[in-house]
Every structure is written in C-alpha cells, then in structure tokens.
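Worksheet: one structure, shown below.
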Amino acid sequence: KKSQGFTLIELMIVVAIIGILAAVALPAYQTYTKKAKFADVVVAVGNVKSAMAVCLNINNNVLASCDSFTEIGLTAPAATDNLDKVEITATTALITGTGKATVDSKTYIMEPSSTGVFSRKSTSTCIAAGLC
C-alpha cells in the first residue's frame, strides 16, 4: 500500500518560507501601525492649520496677527494616546505637532508663508521615519 502525506523536507521548506515571509512582513507592519498612530498628530496640526488659514485671510496674511491659539480662536489640542502637544511659534507662526513615545516622539511642522500658503518643513522628523 502506498503511503500518503508530506515528507519531512517538504514540511521544513514550508516552515522556512513562512519564516522568511514573516521576517519581511513584520518591520513593514510595525511602520504601518506607527504611521496610522501618527495620523493623530497630522490631524491635530491640520485643524490648527485650517483655523490659522482663516485668521491669515482675515488679517491680510500678517503672520504676527495669527501666531497664537488665542489669535486664531482655538484652544491647544488636548494630548491623546499618540499626540503629545501642538505648539505655535510666536512671530513665525510655525505649527509644530509632537507625537508621544508610541510614534517615537516625532514632529510634524507646518510653515505658513506671507502669501497664506502652508508647507511641511523639511525639519519635521516624521519625514525620515516615513510617518508623514
């Protein structure tokens, strides 16, 4: 009678392939989850950016007129599991969102121009980490 089933070598090859796939997928999955968590920081900065854009439009794009939460009519976003704080720099009106340790404390910085256009600063530490 002929026996049916897998040989030990066939099973070892399958286990090796699964191990290789897991070794490749795990780092990608970790980056993906951090990127999803960092979305809290991006959304918080986006809300502040929207309020600042309205303020700049009303004040003829004078940055000094919109460089605090009081001037743009908001309160600072509350900290969450992933968001540590959002700050506005006086006179330059830079909006800096800082993540907590769950996202390696990376920063997301938006810079308004005198024309009212916002751009992400290259000094944002989330860029090199691939989070924003």
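The values are calculated or read from the model by the stated rules, or taken from the named source; none is laboratory data. All values reported here derive from a predicted model rather than from experimental measurement. With ideal geometry, Cβ positions are generated from the backbone for all residues, glycine too; neighbour counts draw on all protein chains shown. The area values use the complete protein model at the heavy-atom level, side chains included, leaving out ligands, DNA and RNA. Shrake-Rupley method; radii C 1.70, N 1.55, O 1.52, S 1.80 Å.
Could we say that Ala22 is among the hydrophobic types (A, V, I, L, M, F, W, C), over 22 Å from Ala129 (Cβ atoms), touching a residue at least 24 places away in the same chain (Cβ under 8 Å) and surrounded by fewer than 16 Cβ atoms within 10 Å (Cβ to Cβ) here? No.
Among the conditions (1) modelled with pLDDT of 95 or more; (2) open to solvent by 90 Å² or more (accessible area, probe 1.4 Å); (3) not in a helix (DSSP H, G or I), Val15 misses just one, which is (3).
Annotation: Asn57 fulfils all but one of (1) crowded, with 17+ Cβ neighbours inside 10 Å; (2) out of contact with any Lys or Arg (no Cβ under 9 Å at 6 or more places or on another chain); (3) more than 16 Å from Ile109 (Cα to Cα); the unmet one is (1). For the range 89-132, a tally of residues being more than 20 Å from Ala36 (Cα to Cα), free of Cβ contacts under 8 Å to residues at least 60 places away in the same chain, part of a strand (DSSP E or B) and open to solvent by less than 30 Å² (accessible area, probe 1.4 Å) returns 1. Annotation: of all residues in the range 36-48 being within 28 Å of Gly116 (Cα to Cα) and open to solvent by 70 Å² or more (accessible area, probe 1.4 Å), the one that is farthest from the chain's Cα centre (by Cα) is Asn47. Counting just the residues of the range 114-132 that are closer than 16 Å to Ser50 by Cβ and of a type outside the set (Lys, Arg), which one comes out farthest from the chain's Cα centre (by Cα)? Ranking the candidates gives Gly116 first. Taking the range 85-113 as the range and being within 10 Å of the chain's Cα centre (by Cα) and charged (D, E, K, R) as the test, only Lys106 passes.
In the condition set (1) assigned to a loop (DSSP other than H, G, I, E, B); (2) acidic (Asp, Glu); (3) open to solvent by less than 70 Å² (accessible area, probe 1.4 Å), Asp81 is compliant with all but (3).
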